[in-house]
Structure formats: C-alpha cells, structure tokens
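The values are calculated or read from the model by the stated rules, or taken from the named source; none is laboratory data. Because the structure is a prediction, the values reported are computed rather than measured. Here the Cβ is made from the backbone with ideal geometry for all residues, glycine too, and neighbour counts use every protein chain on show. With ligands, DNA and RNA removed, areas are computed over all heavy atoms of the protein, side chains included. Shrake-Rupley method; radii C 1.70, N 1.55, O 1.52, S 1.80 Å.
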Amino acid sequence: MANFTFLHFFTILIFSFLISRISARNIPYNSSITALNDLTYNQTRRVCDTSRFAKLGLDMNDFAYCDKSLPYAVRVKDLIDRMTLSEKARQIGDTAFGVARIGLPKYEWWSEALHGVSNVGQYYSLASFFDKVVPGATSFPTVITTTASFNESLWKAIGQAVSTEARAMFNLGHAGLTFWSPNINVVRDPRWGRVLETPGEDPFVVGKYASNYVRGLQDVEGTENTKDLNSRPLKVAACCKHYAAYDVDNWLGVDRYHFDSRVTEQDMMETFLKPFEMCVKEGDVTSVMCSYNRINGIPACADPKLLKGKIRGDWDLHGYIVSDCDSIEVMLHGHKWLGDEPEDAVAQGLKAGLDLDCGNYYTNYAGNAVVQGKVKESEIDESLTNLYFVLMRLGFFDGSPKFENLGKEQICSKENIELATQAAREGIVLLKNEDQILPLNSKKVKTIAVVGPHANASSAMIGNYAGIPCKITTPIHGFSLYSKVDYKAGCGEILCKNESLIFPAMKAAKKADATVLIVGLDLSVEAESLDRVDLLLPGYQTQLINQVAQVSKGPVILVIMSAGGIDISFAKNNPKIKSIIWAGYPGEEGGRAIADVVFGSYNPGGKLPLTWHENSYVDMLPMTSMPLRPIDNLGYPGRTYKFFNGSTVYPFGYGLSYTNFTYNLLSARQKIQVKLNKFQHCRDLNYTAGTHVPPCRAVSIDDLECGDDLNFDFSIEVENIGKKDGSDVLMIYWIPPEDIAEAPLKQLIGFKKVFVKIGEKKKVDFVLNACKNLGIVNYRAYNLLAAGGHNFVIGNGKLSFPVQVSFHR
C-alpha cells in the first residue's frame, strides 16, 4: 500500500488555496465549524424531532411544516411563510443559515460525489469531510475511465455504492445529502482539461452515463415509479453540470470566466443540451448546475430561455437549479454583464430561474433587490419551494428509516473496494497486441521491469474531485503479486524535464523477462482551469519509451494513464512495443486492475469513449471555435467522430480483446412506412449536388406519433470463437441516408455489453425507435426523420443492415 504522506501534503496545499478563496468570499472560517455542529443537530439526523424542538424552547406541534400527515406543498409553504425577507435571503446561498426561532437548522448544500464521496469544498462549508471517525471513502476510477466499460449496470452500481457511503457519512455527521455531480459536458475538443471528469465525446453516451449514475445515486428501491415525482423519495440528490456549451477552461489566455460560447441552435439541440435533457427526463435528476460562460452573449445562469424555459419548462425538472460557484460574481466582474450592480445580477438570476447561488451574492443582495423593486419576493419564494421540496424528499425533515442504520461498516467496505477494482478492469482499453504477447504468463515471466513516471502512481490514479481513498494499490504493488518487480522511475515527475533517469530504466529492461512502461499525464497537465496546448507526452517521456523499448530483453508493454487522447503514433508503429494499454485514471485499485489485465486474470473489453487525434489536429483549428461541423471556408475540420473524417491514432469506440467474437444478424425490421395525415407536412433537407432526392425528404419528429409502430427491433447473435472467456460491447452505429449535407457521418444509437464464454453464443436484442434514434437536426434546428436508406453498422463494420424509411398519404 502507498504511503499517504504525499496525499496529506497535497491536502494541505488545497487547504491553503481554499482558505484564500474563503477570504475572497468574506466567509469567516469559524462558520465552517458552526456548520459541522449544526449538521449534528440530533442523533436521528432529522429536523422534525420533538426533543430537538424542546431544546430550542419550541413545541414542534406548533409548526405545520413538521406535520407528516400534510402534503409536501402545504408543509413547504408553511415553512417559507414563517420567514422574514432577510431570513429568506439567507437560505438561498450554498450555506443556508437556518432560522433558529422557527426550528430550521443550518444546511450546507455543497457536496461532491463525482466518482466517490469527496471533500472538495471542505474548507468552504464542511458539508463533507474526513477525519479520524471517517478517514476516507471508496475512490472509483475517474468518469472517463468508467465510461470506457460501456456497461450501464456498472455505472448505476457505482452510483448506488457512492450514495450508500454518502448516507452513512451523513448519519455520522460527515456529509450532506445534496451532491453536485456528475459532470456531463460533452468533450468537443481533445485539449479540454476536464476530460477526466466527463463521459466522453458522444452526447448519447454522456446522457446514458448521466441517467444511470444519477439513478444509482438517487433511487430508493421500490419507489422508482412513484407517480408524483415531486414527492418521490431520494437516497441522495444528484446534480448534472455544467449547463451548457461549457468546455473551455483556460486555453492560451482564454478562460471560462470571460468566454462567450458562440453556438448554433443546431449544435445546442443536437450536442450540448442532449445529455442534460436525458439526465432530467431519464434520470429524473433533482438539480442542474449552470456554467460560468456566456452562450451567444448571455451568461448561462441568467438566461430564462435556458433555465425556466428549457430545464423547468420543456424538460419538467423536479428539483432546483444552482449556479457554478461564484457565477454571479463572474457575471459582474468577468462578463461585466449589462453593467449590473450586485442587486441587478441577483434579480436577473432569480427571474431566469436560478434557485440557489453557490456563493454569497443571493445571501447578501437578494433582500435589497426586493426592496429596490428589481425582483418580487414571490420569486424568492419559488426558489425556496424548489429547494425545500428536495430536502423533504431526502428525509432531511422527517428522517429516512431505510438508511438510518448505515454507518462506518458501509464505508470502504470490501464489496465497494472490489467494485472499484472491477470498474478499473472494465475501463481498461487494449489498443495494440501484436503476436498476442498479452496476456503474460506469470510462470514464464519471473522478473518484470516496471518503468515510468506512473509506475508507482498513487494520487495520480485518483484524479480530481476526489476524497481520501480507502487505500491505494500502486502499479508496482499490483505487479508484485504476479512477478518479481524491478522498479525504475525513468522520469523525476510527469513533466519529465530531463533524461537523467532514463539510463537506469534501460538497464532494468535489459535484464527483465518483460518490461511494462507506465507513462502519461496527470493534473499538472490536464485539469480544471488547465487545458492542453498539444496532444503529446510531456518532456522526455517519448525518449524514455523509445530507448527502453530498444534495449529491452523481453516484450514491451506500454500503459498510458491519461484522460484525453495522446498522439502515440510512434509507439503504435514501433515493432519493439508489442502491446499498448490505456488505463485512464483507474482509481484506488488501479495498480491491481492493470496487473490483472497484463497477466490475464481479466480479459480487457473496454472501448475508447474519445477519438485519439494526431497532434496535427490542434494546428487545424482553435479550441475556441465552437461548431462541430467542418467550417470549409476557414479550413477547420469537424469535431468528434460524428463530423471528423480525417486520420486518427485510434478512433472512438476502438478496443481489442484477448479473444475473438463473430456477429450474426438473426432478425431485423428493414422497412418503416409512415402514413401522413393532412396535418403532417414534408420538410426540406439540404442534399449535395446531383443527388436523387425523395419526393418527401423528411417530416418533423414533433409532428409524428412516435409509438411502437416506429420501432425497429433486431437481434444479434454474438459468438466467442477465441480461446478466452470475455466481454464484448455491441456498438450500434446509424449512418443516415446518403448525401444529406447536414447529417453526421455516423452516430452511435445503442450499445450493450455482453459476456460470452469460450465457444458459446449469446443472443442480444435491441429495440430502437425511429423518432428517438434517427433524428437529424437541420440548420434551422428542426429535428427531422429523413426518408431514404438508413444503414446500421455494428462495431467496426463486421455486420451491417439497411432500414428503408418512406412517407406516403
């Protein structure tokens, strides 16, 4: 196990940084200690407890908001109506100060659970924290790594494990109930520093990850189908962020606090909003966080069309909308929006539908904004209503008997640590395996050189938005379970600023039966507020790889730890490097997972959730160019696999296995004929010149009755014809009718992971719908179903079949 000295040192650095931020926000540090005491307001961990009210000199029976026989709406209104204007204002910041005279305690809204319960924000609010009572929590792989598993049930299981630990920590007074996770921004550009937090570049995959993880966090077993979603019980409350069109952090002087995302309605609808719509509609998430950036000139947190109109109106959010932290301050001083004074900015946020300010602007200025006539007090009441409905559903007021027995034994449990290990295994992607060098045979490989700046990785495997892990299994420890390890760092740090440590690594490789090079990136290269400027390995890492590979006695396996793709064409084309593995940032048990894959205890089945571009891509267009489709007059290529048709290092969805699978199409519907009534009209689509155009090119999906008659179902038989049991991901790509100018090159519309033993066959059924899965968003932002021949390709093209769509009257 790794020594935790570095982790504690890193925590101290973060502590120092956050204390400076607290000072900037005028939050007295001692208020955090008060927050801790408030969070332990009684042993039952609920507001409405008679003994608690008695200690306050109050009779709980006098307060209707504690009457469980009443509907939530009545109780929430009673609570809000008891407050003065100034008291209301003090409840709509991330620190809700409570009102002692009516029995309402303080509450800290800000907790994080991106891939495990985190103490990020600890020194702002102390909502979630670690100490001797709770020294750590399970740290799962970062989101980009887990996404590579393409396993929906795994994503939900991780959410369930994280929420169990969160509830246990709440019972122990060490966490809140509202967690501002996950991050579901689409990775539009490979340089973005926050790739590790996200589910990748495909909006459909991002949305599927979001809805599954959120369901895992929030759902209380047996209540998932509650008819009144405003009263559906919650295990914890999740938050999908950062809404929207946010994916520039700090690139060559352009930062998120000043950036204006100039986005077409086509791209907003098709890419940037899609995951959030899925998170709200399919995941029933209880919160959405708006982002720092402007969108077409308007700050995201002050846009009523995006907040009230889209999230709460079109998508019917059952919960609250929160700002990214200090977004109102950013509106004032970063964007200098409309020359606003603080009260103006607060009024604009409230009117737009922003319920909660992560910051102190609402707290300090909302009351004045009402007095000055800039916003109605009833608009604050609306925000409080949305907030208190969520706390009611969480059991904050009444308790949650189902979870009250959770405690220390549920945190860092053996089951959760094993789940973290399995998630890391499933997220590992095999990129190259010439001569089937992998898996290694532990009986033949008696000594193994484990070399590189990540060979002894500990905190680097955890990524960001992480707490303190239960334990860490480093790569050298993982490999020591299979063979005698000769460890050489090769570089002094990830930036690998000189070549002084390369020669000792070469000497180790000359003697070992096999060499594993573990290189890549870390938070010093890609992180929040730190975008990349190239797609290369840092410093002398490339030289380290080439020189060690050149002299190695045994086979060379290259392991990459990173979130974003790296141009490793040199290694891909180097015959001395037989195998390449991408491990992402694999979490606290990453070292064990990597070794299990290399030595064959686990057969890799992950697929890349990102395109790995050649480094020349970054010279073709600036990161700040937002369109996804190519801009021909500027020579800008398209973005993501959907619109980029150039050469790559490895494409989206790529990943090998130690075994081989074949596919057989068992059945498929191949015609969809839609009869139009007199109210359904044909719509235009742009085609390339010289193309035969159908008489009715397309119909608006909003005009169609999208029932089962527009389903197209098919079944695929998967057979394992190799020599190892293994898992395969069936990825279903849709290729729109030929020569439609605005259509993507291809688009993932379905995927399923299936485990198949040697020699066995598995039938996998898909039921898709023409309205939900075959929509083309044109430049006018209409979502259209096109006539013509639609083609469906499974994986890398092993199997395909057509479906013909036509319209008639």
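So here's what we get for this one:
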item: Residue within the range 123-136 that is on the phi > 0 side of the Ramachandran plot, aliphatic (A, V, I, L, M), in contact (Cβ under 8 Å) with a residue 60 or more places away in the chain and buried (at least 20 other Cβ atoms within 10 Å of the Cβ) present; result: yes
item: Hey, GLU282 under 22 Å from LYS772 (Cα atoms) and open to solvent by 10 Å² or more (accessible area, probe 1.4 Å) or not; result: yes
item: Condition met for PHE272 (closer than 17 Å to CYS239 by Cβ and in contact (Cβ under 8 Å) with a residue 40 or more places away in the chain); result: no
item: Positions within the range 232-253 being open to solvent by less than 10 Å² (accessible area, probe 1.4 Å) and either free of Cβ contacts under 8 Å to residues at least 24 places away in the same chain or part of a loop (DSSP other than H, G, I, E, B) (or both), in sequence order; result: ARG232, LEU234, VAL236, ALA238, CYS239, ALA244, ALA245, TYR246, ASP247, VAL248, ASP249
item: Enumeration of residues in the range 286-302 that are in contact with a strand residue (DSSP E or B) (Cβ under 7 Å, 6 or more places away or on another chain), within 18 Å of PHE272 (Cβ to Cβ) and crowded, with 22+ Cβ neighbours inside 10 Å; result: VAL288, MET289, CYS290, SER291, ASN293, ARG294, ILE295, ALA300, CYS301
item: Matching option when the condition is under 26 Å from TYR72 (Cα atoms) and within 28 Å of the chain's Cα centre (by Cα), among ALA352, ALA366; result: ALA352
item: Condition met for THR146 (open to solvent by less than 10 Å² (accessible area, probe 1.4 Å), closer than 23 Å to SER459 by Cα, touching a residue at least 60 places away in the same chain (Cβ under 8 Å) and not in a loop (DSSP other than H, G, I, E, B)); result: yes
item: Tabulated pairs, the range 373-389, first closer than 23 Å to ASN230 by Cα, second among the basic types (Lys, Arg), C-beta under 7 angstrom, 6+ apart or interchain; result: GLU379/LYS351; ILE380/LYS88; LEU384/LYS88
item: Subset of the range 553-573 [surrounded by fewer than 24 Cβ atoms within 10 Å (Cβ to Cβ) and more than 23 Å from ARG194 (Cα to Cα)]; result: LYS553, GLY554, PRO555, SER569, PHE570, LYS572, ASN573
item: Residue among ASP702, ASP713, ASP684 that alone is closer than 16 Å to ASP739 by Cβ, touching a strand residue (DSSP E or B) at 6+ places or on another chain (Cβ under 8 Å) and modelled with pLDDT of 90 or more; result: ASP684
item: Residue that is surrounded by fewer than 19 Cβ atoms within 10 Å (Cβ to Cβ), of a type outside the set (Asp, Glu) and modelled with pLDDT of 95 or more, where the choices are GLY797, GLY775, GLY759; result: GLY759
item: Residue in the range 379-398 that is more than 30 Å from VAL220 (Cβ to Cβ) and surrounded by fewer than 23 Cβ atoms within 10 Å (Cβ to Cβ) present; result: yes
item: Any hit, the range 514-523, residues being in contact (Cβ under 8 Å) with a residue 12 or more places away in the chain, over 19 Å from LYS432 (Cα atoms), out of contact with any helix residue (DSSP H, G or I) (no Cβ under 7 Å at 6 or more places or on another chain) and buried (at least 22 other Cβ atoms within 10 Å of the Cβ); result: yes
item: Residue list for the range 605-621, filter: in a loop (DSSP other than H, G, I, E, B) and in contact with a Phe, Trp or Tyr (Cβ under 8 Å, 6 or more places away or on another chain); result: GLY606, LYS607, LEU608, PRO609, LEU610, THR611, MET620, LEU621
item: Members of the range 346-373 that are in a helix (DSSP H, G or I) and either of a type in the set (Gly, Ala, Ser) or open to solvent by less than 20 Å² (accessible area, probe 1.4 Å) (or both); result: VAL346, ALA347, GLY349, LEU350, ALA352, TYR362, ALA366, GLY367, ALA369
item: All positions within the range 425-457 that are touching a Pro at 6+ places or on another chain (Cβ under 8 Å) and either part of a helix (DSSP H, G or I) or hydrophobic (A, V, I, L, M, F, W, C) (or both); result: ARG425, GLY427, ILE428, VAL429, LEU430, GLU434, ILE437, LEU440, VAL450, ALA455, ALA457
item: Residues located in the range 186-220, provided they are part of a helix (DSSP H, G or I) and of a type in the set (Gly, Ala, Ser); result: GLY207, ALA210, SER211, GLY216
item: Test: residue in the range 91-101 that is on the phi < 0 side of the Ramachandran plot, in contact with a helix residue (DSSP H, G or I) (Cβ under 7 Å, 6 or more places away or on another chain) and open to solvent by 10 Å² or more (accessible area, probe 1.4 Å); result: yes
